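Encoded as structure tokens, the structure appears first; notes follow it.
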């Protein structure tokens, strides 16, 4: 059976990781693209700061092509025993093309307002989360620069994460993914 690779895409703070974490108990394997960059930073003895991770993401793409981050997670996907793999944080069509070579890819976009996303990121507490509006806008612009708007625009389905509880968001994603499995 071909693996179903569900790519969660959306701007930072839209709810991708919330969905991924919430669906882990359903038996899906979760692969986080940002963690792949954080791992690479660790290998290079780089502090996982906002600035370092942003530069590293761009450097990887420059050196190894625009699908570079997807190449980093390929072994994880190929060795997975799950029939459904959630990719948290796809940012470009080039990454999607890399993933299409190893499974059946579906794109699920998560939308949330700028204020919602900024509030969430301030509370989340990852080392690279923006603490000022300026850093937030800088990060949004970097994401847009690598083509995230294209993956959002070409999604197979989109969830509007406005006014949803955490459970409603997760349940909504689960129902969509299950419809792709069946």
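Since every read-out is calculated from the coordinates, none of them should be taken as a lab result. Everything quoted here is computed from the prediction, not taken from an experiment. Positions of Cβ are backbone-derived with ideal geometry, glycine not excepted, and every protein chain shown enters the neighbour counts.
What the table shows:
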read-out: Positions within segment 5-31 being assigned to a helix (DSSP H, G or I) and either closer than 15 Å to residue 140 by Cα or touching a strand residue (DSSP E or B) at 6+ places or on another chain (Cβ under 7 Å) (or both), in sequence order; value: 16, 17, 19, 20, 23, 24
read-out: Hits in segment 45-72 - residues which are part of a loop (DSSP other than H, G, I, E, B) and within 14 Å of the chain's Cα centre (by Cα); value: 67
read-out: Test for residue 152: is it closer than 16 Å to residue 15 by Cα and touching a residue at least 60 places away in the same chain (Cβ under 8 Å); value: yes
read-out: Any hit, segment 110-123, residues being under 15 Å from residue 33 (Cβ atoms) and in contact (Cβ under 8 Å) with a residue 40 or more places away in the chain; value: yes
read-out: Residue check, residue 34 under 16 Å from residue 148 (Cα atoms) and not in a loop (DSSP other than H, G, I, E, B); value: yes
read-out: When residues of segment 18-40 are limited to those that are within 24 Å of residue 118 (Cβ to Cβ) and in contact with a helix residue (DSSP H, G or I) (Cβ under 8 Å, 6 or more places away or on another chain), the one surrounded by the most Cβ atoms within 10 Å (Cβ to Cβ); value: 19
